[in-house]
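Colleague: Dumping the structure here so I can ask a few things about it.
The values are calculated or read from the model by the stated rules, or taken from the named source; none is laboratory data. The model shown is predicted, which means the values in this text are computed figures rather than measured ones. Here the Cβ positions follow ideal geometry from the backbone for every residue, glycine too, while neighbour counts run over all protein chains shown. These area figures cover heavy atoms from the full protein model, side chains too; ligands, DNA and RNA do not enter into them. Shrake-Rupley method; radii C 1.70, N 1.55, O 1.52, S 1.80 Å.
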Amino acid sequence: MRDGYTARMPATRVIAAVDYRRERWKNDAGWTRQIHAEPRADGGPGWDWRLSIAEIEQDAPFSAFPGTDRELVLLEGNGLRLCFADGEARLLLPPHDRHRFAGERALRGELVDGPTRDFNLMWRRDAIEAQAWHRPLVGSMAIFVSPGETWGLYLMAGNAAFSADSGLPAMAAGDTALLSAPEGRRRFLVDGAGEALLLRFSPKLQ
């Protein structure tokens, strides 16, 4: 693990959907609702990883993010076609198609039939390992977090509640939980009904 990473881990908390910050895309071609941007562990400008929800209302080019990898997950809408400048095309269809790609690749998003909302996961490829899983939430689920890691749970639908010892509030659809364990491996128990995106971030070994 990189020196200093654990000390900079985000606090364990639930971020309510109403608290996401709405802002223009970097290229001014659309809107995004930023959930969380984790500052760089080395103190440099920008972030190590970032979670947001893109609101795509018209065909538009995507912003370029050199040095990052991205994963896009369709949350709502009838579909989005990713048209890359190198000729690749990828169609994201409901319910929750997804695609991982390099952030510096030039591409244009084309709507299939009306606006979409898309979960946008980005991370610096030289510093961070990131994984994402789409999971049904039926009953109880345990999430084990090791020191140096951060886990996220984005509640796509339904409701969820962590065990009382977590100190976390209940979650409604659209909320995000960030889970860390700076003092040792920790188990988080969550109970609910619905669908979730599970996210895991860990520093690359140097």
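Colleague: If you place +1 on the Cβ of every Lys and Arg and -1 on the Cβ of every Asp and Glu, how big does the dipole about the Cα centre of the chain come out, in debye to the nearest 20?
Modeller: Charge dipole, the chain, about its Cα centre: 400 debye, nearest 20.
Colleague: For the chain, which span is the longest to avoid every loop-located (per DSSP) member of GluC sites (Glu not before Pro) having at most 16 other Cβ atoms inside 10 Å?
Modeller: Answer - 105-182.
Colleague: What per residue convex hull volume, in Å³, comes out for the stretch 46-123 when only alpha-carbon positions are used?
Modeller: Cα convex hull per residue, to the nearest whole number: 76 Å³.
Colleague: Okay, next question. Could you rank Asp165, Asp28, Asp69, Asp175 by how accessible they are, 1.4 Å probe, largest area first?
Modeller: Sorted descending by solvent-accessible area, the residues read Asp165, Asp28, Asp69, Asp175.
Colleague: How large is Rg/Rh for the chain, to two decimals, with Cα atoms and a Kirkwood Rh?
Modeller: Reported Rg/Rh (Cα atoms, Kirkwood Rh): 0.96.
Colleague: Would you be so kind as to identify which of Phe101, Gly30, Phe162 lies farthest towards the positive end of the dipole of the chain, taking Lys and Arg as +1 and Asp and Glu as -1 on Cβ and the Cα centre as origin?
Modeller: Final value for the positive-end residue is Phe162.
Colleague: In addition: Treating only the Cβ of Lys, Arg, Asp and Glu as charged (+1, +1, -1, -1), what charge dipole size does the stretch 20-102 show about its Cα centre? Round to the nearest 20 debye.
Modeller: Value, rounded to 20: 140 debye.
Colleague: Which of Gly139, Val112, Leu153 sits farthest toward the positive end of the charge dipole of the stretch 81-187, with +1 on the Cβ of Lys and Arg and -1 on the Cβ of Asp and Glu?
Modeller: Gly139
Colleague: Where does the stretch 117-157 land on Rg/Rh, using Cα atoms and the Kirkwood Rh?
Modeller: 0.98
Colleague: Here is a follow-up. Using a 1.4 Å probe on the protein heavy atoms, what percent of the accessible area of the chain belongs to carbon and sulfur?
Modeller: For the chain, the apolar C and S fraction of the accessible surface comes to 50 percent.
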